[in-house]
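*Asks:* Quick one: this structure, given as C-alpha cells, is what I'll be asking you about.
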Amino acid sequence: MNKFKFTAIRARQADGHDVFSFAATPKEVLAFSEIERVGRQDNGQLKGFQRHQIASHIKEIRDYFVRDDALLPNSVIIAFIGGIRSKDRGNGVVDIEIDATGTKPGFVVDGQQRLSALSGLEKPGFQVFVSALVCKDYNELRQQFVLINNTRPLPKTLIYELLPSVDGLPARFTNRKFSARVVDRLNFTRHSALYGEIRQHTNPKGVISDTAMQRLIMNSLSDGAIRHFLREDDYEEQAFQLINEYFEAIRMVFNSEWIGMTPRTSRLKHGAGIVAMGFVMELLYSTEGATTREQFATALRLIKPYTAWTSGQWHFSNDEIYPWNGIQNTPGDIDALANHLVRLTKRVLRKQRLAANG
C-alpha cells in the first residue's frame, strides 16, 4: 500500500505552515517516511541529518515495549516535502492523504530510536502519535530539525532526583537510583550531617555536588562497605547511617574547612574532595572496622595536619605539588588526591600502631 489516509487535528501555529497530529502504526510511519542519517556524499557534501542508531538505547526501548502495559504518549515528528494533501472538515479536523508512491515523502525529525525499536516488534494495532509538519523545501526541513532538537534537555540533577520515585527503569539505572535515594535521605533528613548541603534540583542553594555524592555511594556499592550491606534487609538504612556518621566525623575534625564553606573556598566540599574522601571512608571501614563518628574521627585527626583543603599545598608522593585550589574535578586529579589520602591514612595509622607497641 503506497497511499495512506488519516483523520488528523490541525494546530494553528506559524503562518504558512501546516501542522497536524494523528495516530498511525509504526509500520505505516516507516512506510511513508525515511530516517535519513547524516553522512557525506562522494563529493564531500553533507547529506541527511539524523544521528546513527544507538544499539543499547534501542534495546532498552524495545525491552520496555515488549511489555503489555507499555505506553508511548509522546509523538514522533515527521516533516513532509510534498506528498501530503489535506481536506478541511471544520473545527480543526482534517482528512489527510499521504502518497508514498515511488519515494517516501516524509522524514523523521524526532523519534528515530523509538521507531527503530518498534519496527522489530510484533504488536498488532499498537499506534504512535505523529506530529506532522509540511515544509516548502529540504533546507527548511533541516532547519526545523535543528530547531526542534536544539531544545534544552532535562538537567541531570532533575533526572537523578526523580529516579528514586520511578519504578520499572532499565537495569543500568539500578545503582544510580539507589545512590539517588540515599542522597535524598542525607539531604532532607533533619538529623543528617549533610542536611540541606547537597545541591539538587529542588535544593539549588546546596553547595555539594549531588553527582559527587552519588559517585561516592556507587563506588562503595561496587566494591566497598555498602556492597557488604547488601546481604542485609536494611542495607539502605545501613548505607545511610555509615555515610552520615562519616560526614559527622568530617564536620567535627575539619570544622573550619567545612562549616559555611563552598567548593570554591574549600576543596573538602569540592567534587574531587568528596569522592577522594570516600576512599578514606572505605579504608577505615575495612581495616579499622570504623562505623561511628568517633571511630572515623580518631583517624581523621591523624591526617588533618597533612591536608590542604583551604590553603597551602598538597605534597603528593610522586613529588608533585598542587596548590590547595589547584585540585580540579577531573579523573586525574581525583585519582591523585584519593591515592594520596589513602596512602597518607595508611602511613599515619601504621605509625600510631608502632608507637603503641613501643
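*Asks:* Any residue at all in the range 294-312 that's β-branched (V, I, T), out of contact with any strand residue (DSSP E or B) (no Cβ under 8 Å at 6 or more places or on another chain) and under 19 Å from R215 (Cβ atoms)?
*Replies:* No: the range 294-312 contains no residue that is β-branched (V, I, T), out of contact with any strand residue (DSSP E or B) (no Cβ under 8 Å at 6 or more places or on another chain) and under 19 Å from R215 (Cβ atoms).
*Asks:* Name the one entry in S220, S179, S209, S192 that is within 20 Å of M281 (Cβ to Cβ), polar (S, T, N, Q) and in contact with a strand residue (DSSP E or B) (Cβ under 7 Å, 6 or more places away or on another chain). Outline the logic, then answer.
*Replies:* Working: S220 fails: in contact with a strand residue (DSSP E or B) (Cβ under 7 Å, 6 or more places away or on another chain); S179 fails: in contact with a strand residue (DSSP E or B) (Cβ under 7 Å, 6 or more places away or on another chain); S192 fails: in contact with a strand residue (DSSP E or B) (Cβ under 7 Å, 6 or more places away or on another chain).
Every option except S209 fails the conditions.
*Asks:* Which residue is farthest from P331 (Cα to Cα), if the candidates are limited to the range 229-268 and must be hydroxyl-bearing (S, T, Y) and surrounded by 20 or more Cβ atoms within 10 Å (Cβ to Cβ)? Let's see the steps before the verdict.
*Replies:* Step one: of the range 229-268, the residues hydroxyl-bearing (S, T, Y) are 235, 246, 256, 262, 265-266.
Going one step further and asking which of them are surrounded by 20 or more Cβ atoms within 10 Å (Cβ to Cβ), we end up with 246, 266.
On the way: Y246: 23, S266: 19 Å.
Checked the range 229-268; the qualifying residue farthest from P331 (Cα to Cα) is Y246.
*Asks:* On to the next question. For residues in the range 8-40 being basic (K, R) and modelled with pLDDT under 80, which is farthest from P124 (Cα to Cα)?
*Replies:* Initially, the range 8-40 is screened for residues basic (K, R), giving 10, 12, 27, 37, 40.
Still in the list and also modelled with pLDDT under 80: 37, 40.
Values: R37: 28, R40: 37 Å.
Filtering the range 8-40 for residues that are basic (K, R) and modelled with pLDDT under 80, the one farthest from P124 (Cα to Cα) comes out as R40.
*Asks:* In this structure, does E236 turn out to be in a helix (DSSP H, G or I), among the charged types (D, E, K, R) and over 14 Å from T292 (Cα atoms)? Let's see the steps before the verdict.
*Replies:* Values: in a helix (DSSP H, G or I): yes; among the charged types (D, E, K, R): yes; over 14 Å from T292 (Cα atoms): yes.
Yes; evaluated as a whole, the condition is true for this residue.
*Asks:* Please enumerate the residues belonging to the range 321-335 that are assigned to a loop (DSSP other than H, G, I, E, B) and in contact with a His (Cβ under 9 Å, 6 or more places away or on another chain).
*Replies:* Residues satisfying the conditions are I327, Q328, N329.
*Asks:* So, in the range 171-205, exactly how many residues are assigned to a loop (DSSP other than H, G, I, E, B) and either closer than 18 Å to E245 by Cβ or over 19 Å from the mean Cα position of the chain (by Cα) (or both)?
*Replies:* Let us first name the residues in the range 171-205 that are assigned to a loop (DSSP other than H, G, I, E, B), namely 189-197, 201-202, 204-205.
Keeping just the survivors that are either closer than 18 Å to E245 by Cβ or over 19 Å from the mean Cα position of the chain (by Cα) (or both) gives 189-197, 205.
Total meeting the criteria: 10.
*Asks:* Within the range 239-285, track down each residue that is part of a helix (DSSP H, G or I) and over 25 Å from D223 (Cα atoms). Steps first, answer last, please.
*Replies:* Let us first name the residues in the range 239-285 that are part of a helix (DSSP H, G or I), namely 239-253, 255-258, 271-285.
Listed by number, the residues that qualify are R251, M252, V253, N255, S256, E257, W258.
*Asks:* For the range 269-276, check the following and say yes or no: at least one residue is without any contact (Cβ under 8 Å) to a residue 24 or more places away in the chain and either surrounded by 22 or more Cβ atoms within 10 Å (Cβ to Cβ) or not polar (S, T, N, Q) (or both).
*Replies:* Narrowing the range 269-276 to residues without any contact (Cβ under 8 Å) to a residue 24 or more places away in the chain: none.
The answer is no, given that none of the residues of the range 269-276 is without any contact (Cβ under 8 Å) to a residue 24 or more places away in the chain and either surrounded by 22 or more Cβ atoms within 10 Å (Cβ to Cβ) or not polar (S, T, N, Q) (or both).
The values are calculated or read from the model by the stated rules, or taken from the named source; none is laboratory data. Keep in mind that what you see is a predicted model, and the values were worked out from it rather than measured. Cβ atoms come from the backbone with ideal geometry, glycine included; neighbour counts cover every protein chain shown.
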